[in-house]
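Let me begin by presenting the structure, written as structure tokens, before commenting on it.
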Amino acid sequence: MDPLTTLPVTPTKPNPWALLPLWVFLLAYLVVSILAGDFYKMPISVAFVIAAIVAVANSKGQNLTQKIELFCKGAADGNIMLMVLIFILAGAFAQTTKAMGAVDSMVHLTLWLLPQKLLVPGLFLAACFISVSVGTSVGTIVALIPVAAGIAVNTGIEPALMAAAVVSGAMFGDNLSFISDTTIVATRTQGCRMKDKFRTNLRIVLPFAILTAILYFFIGQNNGTPYAPGQVNWLHVLPYLAVLGAAVAGVHVMLVLIGGTIFAGIIGILTHGFNLWGWTGAMGTGITGMGELIVVTILAGGMLEMIRVNGGFDWIIQKMTKHTHSVRAAEFSIAGLVSFANLCTANNTIALIMSGPIAKEIATRFKIPANRTASLMDIFSCFVQGAIPYGAQLLMAAGLAKLSPIAIMQYLYYPYLLGVGAIVAIWFGYPKKGPRKNEKKKESHP
């Protein structure tokens, strides 16, 4: 995830039963949906309500009032509240640009620039470039998903496929960007230079990014119907260009969204897309449209805090590091540690913060180069984050595209290939090259 935060650590006794709410959620949402043959039958918010109730009931050592207060503490965590604010601002921006015609103009511009055969891979590559530049997967998704959804409507291409191409590209940049929080945390906790981690990281992931683009190219060949691009209103395109430019310049995502919404509103009024009250109405509609995402985020924060306090994370850490006797096993332990932490927190930055010190101890013991450890940690955190239906990226994409997260997941090739590629890299010890000779001094001073 994008915002960089710290998570308070309380000594707890490892407890596998603390993970029960997570399994209840997976059962209530995934298994029920699969059995029903329809992923819209079970709303994700209802599944989280059930899991949250189980989390409170399953907590030991407190009375009911204390359990509820603990749940509320997790729900009101600073990182959770920041995500909620980003969702609110993203909703206001998305609906404002849609109401004033910016989305339509961006769709027509994209259709004019790219032939239909290249729309899906082109959108994936655009998301890769933007996310590497801005360092935020959420910001990339906010900017591109409305355009992807509009292209799908105009061309008949499967909307879930277009959304998946954007999310895949967004996770590519989240994993590689120098200014991504995951890169910052991974390199600092392991004590290596960003460029060394980037070099190792790129050698592992680049072949799979190319393979993903090829897959999207062939799938896009037989998807959709012929189209005729409409007229591009260049004034309407300006808010998107301004948002992307500000993000690339390193402006905080909240300031980007606030500025983008104001800019789009002014242009909408000047071009008679709406009046002042039409603008405020559009913002209100966009904000309320994010309601389910906000509810799910808050419930997830409370549930995961209950799991952490009751020893669920500690149990995972204990099991992941118990039988480690070789370099390959050590690297798989690090991968498993980060993956489980991410599965339980639904936030790859927090997962890296939690698992970083333990991964560093394992890497030091088995003499694993710091740049390799940082690379593997970042890869597996982004693999899990991009593949869980309750992660911020998929929730945001699903909310903006009006789809089920599971519908998007069936076309989400890059995160899956990323995970496979990292496993292959561990098994064969690829890449072989370690840090440079002068790296050791720098590693001890992150």
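The values are calculated or read from the model by the stated rules, or taken from the named source; none is laboratory data. Everything numeric here is computed off the predicted structure, so don't read it as measured data. Cβ atoms come from the backbone with ideal geometry, glycine included; neighbour counts cover every protein chain shown. Accessible surface areas use protein heavy atoms only, side chains included; no ligands, DNA or RNA. Shrake-Rupley method; radii C 1.70, N 1.55, O 1.52, S 1.80 Å.
Among the residues making up the range 318-377, those that are among the polar types (S, T, N, Q), part of a helix (DSSP H, G or I) and either surrounded by fewer than 21 Cβ atoms within 10 Å (Cβ to Cβ) or on the phi > 0 side of the Ramachandran plot (or both) are Gln318, Thr321, Thr364. Scanning the range 215-234 for residues that are buried (at least 16 other Cβ atoms within 10 Å of the Cβ) and at pLDDT 75 or above yields Leu215, Tyr216, Phe217, Ile219, Gly220, Asn233. Of Val251, Val295, all but one fail to be closer than 25 Å to Val384 by Cα and open to solvent by 40 Å² or more (accessible area, probe 1.4 Å); the exception is Val295.
Restricting the range 142-199 to residues that are under 28 Å from Thr261 (Cα atoms) and acidic (Asp, Glu) leaves a set whose member that is modelled with the highest pLDDT is Asp174. The helices (runs of 4 or more DSSP H) found wholly in the range 121-227 and carrying at least 1 residues that are among the acidic types (Asp, Glu) occupy 159-176, 181-190, 194-221. Beta carbons closer than 7 Å, at least 6 apart along the sequence or on distinct chains, pair a first residue in the range 105-118 that is farther than 14 Å from Ala148 by Cβ and among the hydroxyl-bearing types (Ser, Thr, Tyr) with a second that is open to solvent by 40 Å² or more (accessible area, probe 1.4 Å) and modelled with pLDDT of 70 or more for Ser105/Asn233.
Scanning the range 50-70 for residues that are part of a helix (DSSP H, G or I), open to solvent by less than 80 Å² (accessible area, probe 1.4 Å), without any contact (Cβ under 8 Å) to a residue 60 or more places away in the chain and not β-branched (Val, Ile, Thr) turns up just one, Ala57.
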